[in-house]
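The values are calculated or read from the model by the stated rules, or taken from the named source; none is laboratory data. Everything numeric here is computed off the predicted structure, so don't read it as measured data. Cβ placement follows ideal geometry from the backbone for every residue including glycine, while neighbour counts extend to all protein chains displayed. Note: areas computed on protein heavy atoms with side chains; ligands, DNA, RNA excluded. Shrake-Rupley method; radii C 1.70, N 1.55, O 1.52, S 1.80 Å.
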Amino acid sequence: MTTIEGKIILCNQQAATLHGLPRTDEMIGRSAWEFVAAEDVDRASRDLLRILTEGSIRHVEYSLLRADGGRVPVELSASAIMDRGGNPRALIGVVRDVSERRTAEEALRRSEERFRHLIENAPDLITVVEPSGEIRYQSPSVQRTLGYTPEELIGTSIWRLIHPDDARQVGDAIARGLLEASAESTLPHKLLVFRAQHKDGRWRYLEGSGKVLIEGGRAHGLINSRDITDRMEAERALEASERRKAAILDTALDAIITINDESKILEFNPASEAMFGLRAREAIGERLDDLIVPPSLRGRHRRGMQRYLTTGKGLVLGKRIELTGMRADGTEFPVELAIVPIEMGETTIFTGHVRDLTKRKRAEEELQQAREELESGVEQRVGLKGAHGLTFRELTVLQLLSSGQADKEIAATLGISAQTVNKHVQRILHKMSASSRTEAVVRAIKEGLVG
């Protein structure tokens with residue numbers, strides 16, 4: 001409570017705590033304007049004028065300046081206290097800390113943008129019911145949450161709103177409170193989650209608590225509930241996302257490893273376990289460079305991490321590069337690595353996809369050796385009399401044709417396209433005056449052009 005000029009004359013302990021002061025007496029005598037952020041002063045002045053002319057304001061949000069210099073987002077509802085002549089003499093206000101709501105809204109906005117508008121300023125519902133379940137009072141906020149006006153619900157049964165599958169637990173909670181109409185029953189009961197039907201037929205999830213009110217010797221149930229449908233759906237979406245992520249990690253053929261900005265391992269999928277010979281429980285929490293980076297590359301890894309954290313730039317990020325990895329037994333092997341940085345608020349994590357190149361490198365070496373042996377054999381036949389003027393490449397293709405390989409197989413062996421192979425074959429047939437591949441191969445064998 002303040003004077004018209006804003007001097008605080010009365011407050012409760014919650015107000016002192018919210019404003020960053022330990023005691024209420026430290027609030028008394030101070031100006032309420034001290035706690036209004038500079039950018040809100042003009043708007044607050046206009047709202048004060050509204051209170052004086054209209055009598056009250058409701059649910060106006062400001063940034064409250066705490067005594068310790070911090071800021072708290074708050075919601076204010078205030079009214080003017082009039083004297084007998086109808087003139088405003090003082091102001092009384094209720095200030096509500098909406099920090100938790102703001103935090104929830106921001107978290108949900110990042111995870112699911114489509115939920116953002118649904119969860120803004122979610123109001124509480126106040127419902128008073130008779131022992132029979134008849135609604136005696138319903139707060140106006142029900143229209144925003146369930147689509148009904150209070151007048152449409154007062155006098156009707158609460159069971160018309162409660163989902164049939166939830167009716168028993170809600171009924172038990174109400175009955176338990178009504179049967180325990182004692183001093184202890186004035187304490188709130190445990191939060192209960194249940195579904196209530198919107199006027200349009202949809203089911204909304206509500207989270208509520210209640211206590212017993214005794215009026216004229218009769219017990220009534222007071223239920224305080226809020227709409228948590230958006231939170232429930234967001235949690236389910238997050239759970240589904242986590243399940244999809246887990247399924248991808250568990251079934252991926254590549255090793256997928258996530259580390260934080262200290263190089264400590266956060267995720268280590270089954271393919272990583274198989275590749276590096278380490279259990280996830282052994283790897284998570286340990287430094288990546290100490291476990292799977294060869295000693296010769298650890299300095300490079302640490303310098304690269306420091307460069308990114310300092311400049312936001314990384315030489316290998318977003319690229320596929322070939323490096324050397326190290327297994328738990330100390331053996332080194334070739335890998336292909338792609339690293340993606342992921343911004344997580346004020347921190348950055350890094351996810352790497354690692355592919356073991358051992359088999360590919362071995363296959364490349366074997367293919368290279370086969371090419372060299374093939375080319376060595378062909379070189380011995382280049383320039384032979386009766387070679388029909390075939391080039392080195394054409395003799396190479398002819399040699400592979402004689403081994404029964406198709407165009408695609410020849411292309412893979414020589415590292416060229418199948419279309420190019422076909423062109424070489426056509427030139428071979430023309431130069432040898434052969435009508436088919438078979439004829440050309442048979443003649444080449446007879447003439448010693450292939451072996």
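So, R0 is 30 Å and r is the distance between the beta-carbons of D68 and L213; what FRET efficiency does that work out to, to 0.05? Efficiency, from the Cβ-Cβ distance: 0.20.
Extension gain, I445 to R327, is 37.5 nm, computed as 0.36 nm per intervening residue step minus the present C-alpha separation.
Once a ≥ b ≥ c are taken as the square roots of the eigenvalues of the Cα gyration tensor of region 19-163, is the result rounded (a/c under 1.5), prolate (a/b larger than b/c) or oblate (a/b not larger than b/c)? It comes out oblate by the Cα gyration axes. Based on protein heavy atoms only, the chain ends up with 58 Å² per residue of surface accessible to a 1.4 Å probe. Can you give the extra length, in nm with one decimal, that the chain gains between A37 and V340 once fully stretched, where that is 0.36 nm per residue apart less the Cα-Cα distance? Length gained between A37 and V340: 105.0 nm. Shown for the chain: the carbon plus sulfur share of the solvent-accessible area, taken with all protein chains present and a 1.4 angstrom probe, equals 52%. Using the Cβ-Cβ distance between K423 and H353 with R0 set to 35 Å, the FRET efficiency from 1/(1 + (r/R0)^6) comes to roughly 0.35. Shape call for region 66-114 from the C-alpha gyration tensor, a ≥ b ≥ c root eigenvalues: rounded (a/c under 1.5), prolate (a/b greater than b/c) or oblate? Since a/c reaches 1.5 but b/c is at least a/b, the shape of region 66-114 is classed as oblate.
Its Cα centre serving as origin, the chain has a Cβ charge dipole (Lys and Arg +1, Asp and Glu -1) of approximately 1360 debye. Placing R0 at 41 angstrom, the Cβ-Cβ distance between S433 and A363 gives a FRET efficiency of 0.60 after rounding to 0.05.
For the chain, adding -39500 (n - 2.57) for each run of n ≥ 4 DSSP H residues and dividing by the number of residues yields -12000 deg cm²/dmol at 222 nm. Histogrammed with a bin width of 20 Å, the alpha carbon distances of the chain distribute as 16, 27, 27, 15, 11, 4, 0 percent, first bin at zero.
When F35, F392 are compared by accessible area of protein heavy atoms, the largest-first order is F392, F35, using a 1.4 Å probe.
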